[in-house]
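Okay, structure first, notes after.
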Amino acid sequence: MSMDFAKGITAFRWHGRGGQGVVTSNQMLGKAALAEGNYIQAFPEFGPERTGAPVRAFLRISKEPIQVYAQVYIPDVVVCIDPTLLEVLNPAEGLKTEGTLVLNTESDPKDIRDRFGFKGGKVVTVDASTIAMEVMGRPFYNMPTMAAAVSATGVVEIDTVIGEVLNRYPGKVGDLNKVAIERAVKEAQIG
Amino acid sequence: MTISKDKIKIEGLTGDSAIAHALRQANLDVLAAYPITPQTIIVEDYQRFAADGEINAAVIPVESEHSAMSACVGASAVGGRVATASASAGLALMWEILYVAASMRMPIVFTVANRALSGPINIHNDHSDGMGMRDSGFIQLYCQSCQEAYDTTLMAFRLAEHHDILLPVMVGIDGFILSHNVERVEMLPDDEVEKFVGVRAPVDPLDPNNPLTMGPLALTDYYFEFKEQQDRAINRVPKVYKEVEAEFEKITGRKYGQFETYKTEDADIIIIAMSTMGGTAKVVADVLREKGEKVGVIRLKMFRPFPAEGIAKAVGNAKAVAIFEKAMSFGAAAHPLAMEVRTALYESKERPMILDFVVGLGGRDVPPTTFVEGIEKTKEYLKAGKAPKYETLGVRK
């Protein structure tokens with residue numbers, strides 16, 4: 001008999017590499033959910049952080065206080081911000097059948113479905129690397145990838161996320177991230 | 001009266017940051033610390049508050065944890081409100097001075113992001129450090145959430161500095177699992193905290209104008225009397241803790257107790273666990289109850305002094321108690337938490353079967369399924385009428 005230990009919780013799993021802002025974007029999305037009146041847990045897969053090494057982060061969002069303290073094994077949403085990780089891991093692993101897979105990639109949703117055999121839910125693709133380079137001139141693709149996840153899932157309002165980003169990075173960095181986020185929302189493909 | 005909602009600041013904070021804010025608001029005189037993962041953010045944040053001029057405490061960045069606790073003892077002896085933070089190997093290096101702090105009756109608040117002890121070197125969570133210091137004379141309070149970490153740190157000053165107590169307090173949070181986890185935290189306004197924590201009123205502080213000797217040599221003549229007094233002091237903790245918590249509840253609406261009971265009244269099997277594992281256990285109990293299994297949870301917050309009578313009463317007529325703990329006492333008759341619980345239940349009329357599951361050492365994840373595995377085993381042992389003395393779960397054997 002299957003047991004659901006995550007009632008009322010929307011759970012995210014993030015993949016990226018150390019230094020790409022996985023932990024930051026996870027926290028930022030968490031804080032946006034908090035600002036909309038939710039309870040949250042936002043935590044990295046802990047370890048000595050090394051630049052370039054694969055890292056994971058987890059987020060739980062719920063209307064009720066969250067009492068389970070463990071890694072997320074069956075996420076509702078998986079977000080992978082580094083295209084090169086798709087060579088070494090299957091991002092759909094453990095993802096709920098009706099879940100959402102969000103990837104920074106040049107591929108489209110159909111290619112991704114074929115490649116990883118994910119038949120359910122939604123696949124969302126966005127070329128966040130190109131967006132980041134064109135808008136910011138630097139490979140900060142965590143925020144545009146998160147933007148695609150937010151617009152596809154509707155877990156929070158995109159404006160709330162932008163508010164958190166501007167709050168954390170006042171000035172030019174925040175403004176450019178806002179442009180990148182808005183462009184990612186427009187360019188994300190869902191299929 | 002509970003503080004009105006518009007005065008409460010809601011923020012997403014890690015356990016470490018929540019504690020740093022509590023220390024900021026508690027108006028310390030001195031914080032002396034040496035950095036160690038996963039406690040580091042507490043002191044980093046606190047030093048930022050100091051650099052930004054938000055606090056006027058003296059922050060002493062010492063050269064080791066032995067010095068950190070020594071500086072705390074000195075600052076506390078002159079009557080200051082004092083705190084420090086550490087974990088694991090850092091805590092171990094404080095060892096000698098932990099006993100000095102408790103025996104000299106210094107009301108230091110010591111926040112710990114609980115972490116495994118070496119070797120091999122491991123930076124992740126278990127309770128080896130906290131359990132190792134359990135006989136040092138510190139009061140020990142373990143927290144489930146970032147909110148509780150904030151609340152407990154504030155209450156710890158009132159408890160430590162109370163004239164019936166005058167003992168140091170350890171406030172424990174699970175390293176990384178809580179220390180680096182952003183949760184929703186309600187922060188009280190500064191002035192309300194100031195009112196709640198008040199100003200420390202020291203008893204016989206060191207004073208150059210009225211010299212006195214503190215912590216001198218006491219051999220066969222008086223050492224034992226010091227210990228007798230220390231013992232009496234820690235046994236007064238439950239009463240004072242209850243008063244402090246009642247006052248805290250009045251302004252926040254929150255209270256935790258020495259331990260929390262969850263669906264224990266009609267339970268056949270009661271899980272006993274500490275810190276974040278207590279939270280996961282409650283979720284497991286809910287799910288198992290939907291399947292018709294009468295499972296309850298006791299989440300222990302106060303490990304020292306150990307609320308033995310209260311636990312025995314809360315266990316009541318349960319058939320089995322399943323302890324889940326994150327520490328080993330190698331070669332002991334039972335591991336640390338089980339040792340306490342077994343002793344607490346020894347005089348019960350109908351003693352339940354007691355299972356001791358050692359889990360999560362060195363940060364090994366303890367998901368709900370580990371609890372389910374333990375409960376399944378408990379049911380088998382109940383049926384068979386016998387059980388092993390203890391068992392490890394979630395480890396390659």
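Please treat every number below as a calculation from the coordinates, not as lab data. All values derive from a computational prediction rather than experimental measurement. Note that we place each Cβ from the backbone using ideal geometry, even for glycine, and neighbour counts take in every protein chain shown.
Mean-square fluctuations from a GNM of chain B, with a 10 angstrom spring cutoff on Cα atoms, peak among B:255, B:263, B:386 at B:386.
Based on Cβ point charges of +1 for Lys and Arg and -1 for Asp and Glu, what charge dipole magnitude is obtained for region B:167-210 about its Cα centre, in debye rounded to the nearest 20?
Working: 3 positive and 9 negative charges, 25 e Å.
For region B:167-210, the charge dipole is close to 120 debye.
Please figure out what share of the DSSP beta bridges in the protein assembly as shown is antiparallel and state it in percent, rounded to the nearest 5. Within the protein assembly as shown, antiparallel bridges account for around 35 percent of the total.
Neighbouring Cβ atoms within 10 Å as the yardstick, rank A:150, A:135 fewest first. Each step should come with its number before you reach the end.
Details: A:150 26, A:135 20.
The order, fewest Cβ neighbours first, is A:135, A:150.
Normalised by the number of residues in region A:39-132, the average gap of Cα pairs under 8 Å and 6 or more apart makes the relative contact order 21 percent.
Can you work out D for region B:259-392 in µm² s⁻¹ from Stokes-Einstein, where Rh is the Kirkwood radius over C-alpha pairs, the temperature is 37 °C and the viscosity is 0.692 mPa s?
On the way: Rh = 14.5 Å.
The estimated diffusion coefficient comes to 226 µm²/s.
Helices in the protein assembly as shown, meaning DSSP H runs of at least 4 residues, each add -39500 (n - 2.57). Divided by all residues, the mean residue ellipticity at 222 nm is -12000 deg cm²/dmol.
Averaging the Cα positions of each part gives two centres, and for region A:18-48 and region A:52-123 these lie 15 Å apart.
Of all DSSP beta bridges confined to region B:5-252, the antiparallel ones make up roughly 20%. Take every pair of alpha-carbon atoms less than 8 Å apart whose residues are at least six positions apart; their mean separation over the length of region B:259-392 yields a relative contact order of 26 percent. Just check the protein assembly as shown against the gyration tensor rule for me: Cα atoms, a ≥ b ≥ c as the square roots of the eigenvalues, rounded for a/c under 1.5, and otherwise prolate or oblate depending on whether a/b exceeds b/c. Oblate is the answer for the protein assembly as shown, as a/c is 1.5 or above yet b/c matches or exceeds a/b.
Across region B:5-252, Cα pairs under 8 Å and at least six residues apart give a relative contact order of 25 percent. Between the C-alpha center of region B:215-229 and that of region B:100-176 there is a gap of 25 Å. The gain in end-to-end length when the residue B:5 to residue B:214 segment is fully stretched comes to 70.7 nm, 0.36 nm per residue minus the alpha carbon separation.
Region B:338-388 and region B:26-67 have Cα centres lying 40 Å from one another. Each residue of region A:112-117 was assigned a 3J(HN,Hα) from its phi angle through the Karplus expression (A = 6.51, B = -1.76, C = 1.60, θ = phi - 60°), giving 5, 4, 4, 5, 9, x Hz with x at Gly and Pro. The charge dipole of chain A, taken about its Cα centre with unit charges on the Cβ of Lys, Arg, Asp and Glu (plus for the first two, minus for the last two), comes to roughly 240 debye.
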